[in-house]
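A short write-up of the structure that comes next.
Readers should treat all values here as calculations from the given coordinates under stated rules, not as data from a laboratory. Since this is a predicted model, take the numbers as computed values, not measurements. Don't worry about glycine lacking a Cβ; one is built from the backbone with ideal geometry, like all the others, and counts go over all protein chains shown.
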Amino acid sequence: MAVEQSLMLIKPDGLVKSLTGDIISKMSETELKIVGAKVVQVTRELAEEHYQHLREAKFFDELIKYIMGEYHTKRVLALVYHGEDAIKSIRKIVGSTNPEKAEPTSIRGKYGRITSAGVFENVVHASENPKEAEREIKLWFRPDELVYTLYPTKIEKVTIDKVFWK
Ligand code: DAT
Ligand code: MG
């Protein structure tokens, strides 16, 4: 078994149905650690990049609207889990992509549904393999938003506008 990390997203339907607590509790069945967490308002750019492998799928536009929160709330809770066998153990708790085929006690089996437009509202996302996990974690989080330096970093000098409290 390898020490891995995985990106988990609680999607807008999960937030609107107040499932966050249940899902995080269920995740405590693993011994994985949360090393990053934030609420995100998903932009079209982020959504399209995240689901780039599905660009040609006929349900792509609906999928983008769903993750951007058009149907529920414009919020996603992004979590990074770290520990032994993280990817497989999370995918098992999450269940199959199609909520009607997912094991009934899995998160997707319990809480997911298929809409009349054919969208799989499957409540959560979980990385599929270590390569995807790295791509996704780097897409959703900056290095300083994680408590562990999971991947190599570099330092660059930049001038930016930053928001402070008045
Ligand atoms: P997963 O989220 O299990 O990794 P995926 O990466 O193949 O599955 O697809 C990403 C999301 O796209 C998935 O969570 C729900 C949606 N999706 C996938 N296949 C679908 C289909 N045949 N019909 C409708 N939505 C689908
Ligand atoms: Mg996937």
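With Cα atoms defining each centre, segment 76-111 and segment 112-166 are spaced 17 Å apart in the structure.
Taken over segment 1-77, the alpha-carbon convex hull comes to 119 cubic angstrom per residue. Near Met1, once Lys and Arg are set to +1 and Asp and Glu to -1 for all other residues with Cβ below 10 Å from its Cβ, the sum equals -2.
Within 12 Å, Cβ to Cβ, of Asp85, how many net charges do the neighbouring residues add up to if Lys/Arg are +1 and Asp/Glu are -1? Walk me through the intermediate numbers first.
Numbers: positive: Lys88, Arg91, Lys92; negative: Glu4, Glu31, Glu84.
It works out to a net charge of 0.
Taking the Cβ of each residue in Val42, Val124 as the centre, tally the other Cβ atoms inside 10 Å and list the residues starting with the fewest.
Val42, Val124
Remark: relative contact order (the chain) = 32 percent; criterion is Cα-Cα distance under 8 angstrom and separation of 6 or more residues. Summing Cβ point charges (Lys, Arg +1; Asp, Glu -1) relative to the Cα centre of the chain gives a dipole of roughly 340 debye.
From helices alone, the chain scores -8500 deg cm²/dmol at 222 nm; the rule is -39500 (n - 2.57) for each run of n ≥ 4 DSSP H residues, then divide by the residue total.
With 32 Å as the limit, write out which pairs from Lys58/Lys154; Lys92/Lys157; Lys11/Lys162; Lys33/Lys110; Lys65/Lys157 have Cα-Cα distances beyond it, or answer none. From the list (Lys58/Lys154; Lys92/Lys157; Lys11/Lys162; Lys33/Lys110; Lys65/Lys157), the Cα-Cα distance tops 32 Å for Lys58/Lys154; Lys92/Lys157; Lys65/Lys157.
The chymotrypsin sites (Phe, Trp or Tyr not before Pro) of segment 1-89 meeting both criteria, a DSSP state outside H, G, I, E and B (loop) and at most 14 other C-beta atoms within 10 angstrom of the site's C-beta, are Phe59.
On alpha carbon coordinates alone, what is the Rg over Rh value for the chain, Rh being the Kirkwood radius?
Reported Rg/Rh, Kirkwood definition of Rh: 0.97.
Among Arg135, Arg75, Arg108, which one shows the highest mean-square fluctuation when the chain is modelled as a Gaussian network with alpha-carbon springs under 10 Å? Looking only at Arg135, Arg75, Arg108, the biggest GNM fluctuation is shown by Arg135.
Taking a sphere under 12 Å around the Cβ of Asn98 and counting the other residues whose Cβ falls inside, with K and R at +1 and D and E at -1, yields a net charge of 0.
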